[in-house]
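First the structure, in the form of structure tokens, and then the observations on it.
The values are calculated or read from the model by the stated rules, or taken from the named source; none is laboratory data. All values reported here derive from a predicted model rather than from experimental measurement. All Cβ positions, even for glycine, are placed from backbone atoms using ideal geometry, and neighbour counts span all protein chains on display. Surface areas here come from the heavy atoms of the whole protein model, side chains and all, with no ligands, DNA or RNA. Shrake-Rupley method; radii C 1.70, N 1.55, O 1.52, S 1.80 Å.
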Amino acid sequence: MTAITINIPNHEVNFFKKIVTKMGWTYSVNDVVRPAATPKEKTLAKVDHALAQLRQMKEGQLQGINAEELLNEL
């Protein structure tokens with residue numbers, strides 16, 4: 001089975017649910033139908049990701065690169 005994420009306007013959610021039901025497909029309200037992340041939530045997710053990477057580097061699970069190599073890649 002394949003899961004697909006679709007971003008649709010809030011006013012179209014009921015129409016989407018009807019189509020899914022008529023086609024015999026399934027959906028999970030918890031996983032599929034949720035509001036888009038706010039800018040604050042996106043920023044916090046990026047900070048959380050960066051901190052997780054730092055933690056992995058500290059534990060030796062992820063290898064970092066020095067600033068010079070990073071700038072050369074840009």
For the full complex of protein chains and a 1.4 angstrom probe, list M23, M57 by accessible area with the highest value first. M23, M57
In the neighborhood of Q53, defined by Cβ-to-Cβ distances under 15 Å, what is the net charge if each Lys or Arg adds +1 and each Asp or Glu adds -1? +1
Accessible-area order (highest first, 1.4 angstrom probe) of the listed residues E12, E73, E41: E73, E41, E12
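Find the accessible area per residue for the chain; the probe is 1.4 Å, ligands and nucleic acids are left out, and the unit is Å². If you can, show how the numbers build up before the last one.
Values: 7260 Å² over 74 residues.
Here the per-residue accessible area is 98 Å².
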So how exposed is L71, as accessible area in Å² (1.4 Å probe, rounded to 10)? 120
So how exposed is T21, as accessible area in Å² (1.4 Å probe, rounded to 10)? 100
Return the lysines within reach of K58: Cα separation strictly under 19 angstrom, same-chain partners fewer than 8 residues apart disregarded; answer none if there are no such residues. K46
Expressed as a whole percentage, what fraction of the accessible surface of the chain belongs to carbon and sulfur atoms when a 1.4 Å probe is rolled over the protein heavy atoms? 56
Got a number for the accessible area of V20? Probe 1.4 Å, square angstrom, nearest 10. 10
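Sum -39500 (n - 2.57) across every DSSP H segment of at least 4 residues in the chain, then divide by the residue count to get the 222 nm mean residue ellipticity, nearest 500. Kindly include the intermediate steps, with their values, before the conclusion.
Values: 3 runs with 38 residues, N = 74.
Counting only the DSSP helices, I get -16000 deg cm²/dmol.
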Compute the whole-percent fraction of alpha carbon pairs in the chain spaced more than 20 Å apart. 58
